[in-house]
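The values are calculated or read from the model by the stated rules, or taken from the named source; none is laboratory data. The structure presented is a predicted model; accordingly, all values stated were derived computationally and were not measured. Because the Cβ atoms are built from the backbone with ideal geometry, glycine has one as well, and the counts that use them run over all protein chains shown.
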Amino acid sequence: MTDQNRQKNQLHSYARYSSMALQMLVIIVLGSLAGYWLDGKLHTKPILTIILSLASVIMAIYFVTKDLLRSTDKQDKTPHKT
């Protein structure tokens, strides 16, 4: 593998994992803010914030795991150059 290909692969990996982290952050923040907003509207102070925060963490982990498994499957199916 040439040095240029190695740098390209590193950049691709960095971009992929950065986008996964950003996706997780957005899901968790939106879930927490939605819970906080609903608690204010329904006067159920910490309950919905806690529930939606936990649900958003679980959902973020699910999406990242699904994405990692899909990318691993693609790598396994591509023929390797020798």
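Is there any pair linking a residue in segment 4-30 that is under 19 Å from Ser56 (Cα atoms) to one that is acidic (Asp, Glu), with Cβ under 7 Å and at least six apart or on different chains, and which?
From residues that are under 19 Å from Ser56 (Cα atoms), the pairs are Met20/Asp67.
Give just the number: which of (1) in contact with a helix residue (DSSP H, G or I) (Cβ under 9 Å, 6 or more places away or on another chain); (2) loosely packed, with under 13 Cβ neighbours inside 10 Å does Gly40 not satisfy?
All conditions pass for Gly40, except number (1).
Given the criteria out of contact with any helix residue (DSSP H, G or I) (no Cβ under 8 Å at 6 or more places or on another chain) and of a type in the set (Ser, Thr, Tyr), does Tyr62 qualify?
Taking the combined requirement at face value, the residue satisfies it.
With respect to Ala15, determine if the residue is on the phi < 0 side of the Ramachandran plot, among the aliphatic types (A, V, I, L, M) and at pLDDT below 95.
yes
Can you tell me how many residues in segment 1-21 are part of a helix (DSSP H, G or I) and more than 20 Å from Leu68 (Cα to Cα)? Can you show your working first?
Keep residues of segment 1-21 that are part of a helix (DSSP H, G or I), which gives 3-21.
Right, trim to more than 20 Å from Leu68 (Cα to Cα) and you get 3-7.
Residues that pass the stated criteria total 5.
So if I check each of Lys66, Lys8, Lys45, Lys74, which one is among the basic types (Lys, Arg) and loosely packed, with under 10 Cβ neighbours inside 10 Å?
Lys74
Based on what the data block shows, is Ser56 surrounded by 10 or more Cβ atoms within 10 Å (Cβ to Cβ), modelled with pLDDT of 95 or more and not acidic (Asp, Glu)?
Numbers: surrounded by 10 or more Cβ atoms within 10 Å (Cβ to Cβ): yes; modelled with pLDDT of 95 or more: yes; not acidic (Asp, Glu): yes.
Judged against the criteria, Ser56 is a match.
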